[in-house]
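Novice: Questions regarding the structure given below will be posed in turn.
The values are calculated or read from the model by the stated rules, or taken from the named source; none is laboratory data. Remember, it's a predicted structure, so these values are computed and weren't measured experimentally. With ideal geometry, Cβ positions are generated from the backbone for all residues, glycine too; neighbour counts draw on all protein chains shown. Each accessible area value is taken on the protein alone, full model and side chains, heavy atoms only, with ligands, DNA and RNA left out. Shrake-Rupley method; radii C 1.70, N 1.55, O 1.52, S 1.80 Å.
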Amino acid sequence: MKNARIPTILIFLFGMISTAMAQDNPVMIKKMAARFDVMLMDMKKFDVTKPEEVKKSIPIPSRDQIFDATLPALNTGTEQEKIEIERKSKQFVNFKSSNSHLIDKDLLALISGIPEPISGLPEAKRAMNLRDEEIIYNIYIEKLKRLQAQYIEEARKYVLNGQDAGQIRTVAEKNAVKAMQDLNNNSLVQQAGGLEKLQQMTPAERAAWGKKMAEQVKNNPSAYTGTDSDPRKAFANKMMKDPNYAARFQHMNQQQQQEEYKMFMSENGFVDNEAGKSAEIKIAHNEATITIAITQRTTDILNHRKQLAGIAGAAQKKTDDYFVMVNSNLNDQYRRIAESLPVVDHGEAGKGKDTYPVDLAYNLIVYTVERENAISNKEVWKNYMEAMKGTIAEYNAFLSEYWGRDKQTDQLMAKQNQTPPAIMAGACGDLIWLTEMAKTMTHSNAGWQRTYDEKILHLYEER
């Protein structure tokens with residue numbers, strides 16, 4: 001997809017939106033005040049208590065009668081952030097394979113089937129004015145839940161060590177988070193002040209720390225090794241806990257690796273079995289290397305997913321803040337006009353201000369604001385959809401690279417619940433969330449149409 005070219009003025013305006021959200025918008029305030037004045041003047045020409053007269057004589061304000069150039073700039077910015085999500089997604093996926101164990105076809109078909117938010121307010125009301133079991137979003141959510149249950153059941157076949165199937169729902173997130181926690185809890189990393197502090201070190205500081213830690217490991221190697229009774233598992237555990245050691249071991253020649261393994265067994269009280277030593281070294285090394293690689297990939301996918309979601313979330317915040325500002329300006333205009341009204345005598349009802357014409361004008365402008373808000377929200381939702389597509393593509397590449405490679409790799413992936421059905425089950429949960437978001441937006445839009453029908457047309461329905 002080619003990047004859309006944005007007019008310079010819109011780039012400038014979009015950059016200024018954050019400032020506009022923090023304060024009143026003078027141009028928009030002027031437009032709102034003018035629209036109030038025009039509508040209140042027109043209302044003097046007919047009986048405002050007759051809804052049909054209001055509908056015929058006072059049209060709903062157009063977008064240009066209320067908004068200034070910051071609205072199209074906001075929407076253009078959202079579109080640009082969608083392009084940025086697409087660009088980053090392509091950077092994250094750098095492995096291609098003809099492996100048949102792919103998930104993208106099934107998931108992309110499911111994501112394309114999600115009902116979009118209905119931005120047209122009348123159409124949204126009609127879509128939501130049904131029984132729960134007839135609403136399109138509820139129908140699709142139930143479909144996804146059924147599929148998720150099937151994938152969970154299929155994933156159970158791969159799960160080892162009696163793990164509960166409930167662990168599968170958010171597989172990628174849980175395993176990646178656990179991997180990061182394990183790394184952060186590593187005694188060597190803790191001595192550096194934690195993973196975050198370690199990452200913030202300069203190259204020189206990190207080199208000095210590494211030299212210091214290497215000396216500690218040399219003086220007390222048992223403190224950094226596993227305690228498993230199986231020497232092969234204990235050696236793999238040591239390598240997983242100390243990625244620097246694993247890297248050094250990987251670059252040793254075969255004789256050096258055998259000497260290193262022999263020293264490890266001696267230091268940890270294991271019986272030296274010369275005949276099986278070479279095989280144990282190879283198996284332990286492969287297992288540790290693959291496990292580290294799988295853990296790193298799932299951690300990377302989680303971090304990349306956060307980046308993509310962060311871009312979509314930034315667009316959502318800008319949109320939310322923008323319309324909060326718009327409604328704040330509108331409410332200020334309503335108060336300004338209402339406070340200027342004279343107090344009149346309503347007979348037995350007592351004295352008070354006749355705000356009914358102002359209320360009508362206010363609700364007509366609110367309708368225009370919420371109509372545009374619905375359009376902007378739908379574009380934000382599309383960004384979340386694009387972010388999900390990026391995550392699907394990255395998981396697809398991950399499975400293409402590792403799943404089905406060999407029996408040992410499949411077993412290690414199964415231990416971490418990184419099997420195709422487990423990932424599909426977790427992805428179904430994300431698609432349910434996207435469908436719920438679309439449903440919530442449509443429900444809100446239906447509510448604004450209902451408010452218009454009641455406040456302007458005096459049309460009420462049974463709830």
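Novice: Rounded to the nearest Å, what's the spacing between the alpha carbon centres of the range 330-375 and the range 386-463? Just the number, please.
Specialist: 41 Å
Novice: Any chance you could run the full-extension gain for Lys50 through Arg63? It's 0.36 nm times the residue separation minus the Cα-Cα distance, nm to one decimal.
Specialist: Gain on extension, Lys50 to Arg63, equals 2.1 nm.
Novice: Another question about this same structure. Between His251 and Leu108, what length comes free when the chain is fully extended (0.36 nm per residue of separation minus the Cα-Cα distance, one decimal in nm)?
Specialist: Working it through step by step, the gained length comes to 47.4 nm.
Novice: Ok, one more. When averaged across all projection directions, what area in nm² does the alpha-carbon convex hull of the range 25-79 cover?
Specialist: Reported value for the Cα convex hull: 4.7 nm².
Novice: Report P(r) for the range 369-411: all Cα-Cα distances, bin width 5 Å, range 0 to the bin holding the largest distance, values in whole percent.
Specialist: 5, 19, 14, 12, 12, 9, 8, 7, 6, 4, 3, 1
Novice: Enumerate the calculated ³J(HN,Hα) couplings along the range 115-131 in order (Karplus 6.51 cos²θ - 1.76 cosθ + 1.60, θ = phi - 60°), each rounded to whole Hz, writing x wherever the residue is Gly or Pro.
Specialist: x, 6, x, 8, 7, x, 5, x, 5, 5, 4, 5, 5, 9, 8, 9, 5
Novice: Go ahead and collect, in residue order, the members of the range 358-402 whose backbone nitrogen is under 19 Å from a label point 7 Å along the Cα-Cβ direction of Leu341.
Specialist: Flagged as within label range: 358-367.
Novice: If you don't mind, another one. Report the label-to-label distance for Lys317 and Lys351 in nanometres (one decimal), using points 7 Å from each Cα along the Cα→Cβ vector.
Specialist: Spacing of the two 7 Å Cα→Cβ label points: 5.0 nm.
Novice: Taking Cα atoms of the range 318-451, Rg/Rh with Kirkwood Rh, to two decimals?
Specialist: So for the range 318-451, dividing Rg by the Kirkwood Rh gives 1.34.
Novice: Set the Förster radius R0 to 35 Å, insert the Cβ-Cβ distance between Glu436 and Glu260 as r into 1/(1 + (r/R0)^6), and round the FRET efficiency to 0.05.
Specialist: 0.10
Novice: Let me ask something additional. Got a number for the accessible area of Lys55? Probe 1.4 Å, square angstrom, nearest 10.
Specialist: 130 Å²
Novice: Kindly flag which residue pairs out of Lys238/Lys415; Lys31/Lys353; Lys143/Lys439; Lys125/Lys145; Lys145/Lys306; Lys44/Lys455 have an alpha-carbon separation exceeding 21 Å in this structure.
Specialist: Listed pairs above 21 Å: Lys31/Lys353; Lys125/Lys145; Lys145/Lys306.
Novice: Something else now. As an exercise, use a Förster radius of 35 Å and the Cβ-Cβ distance of Leu457 and Asp132 to find the FRET efficiency, rounded to the nearest 0.05.
Specialist: 0.85
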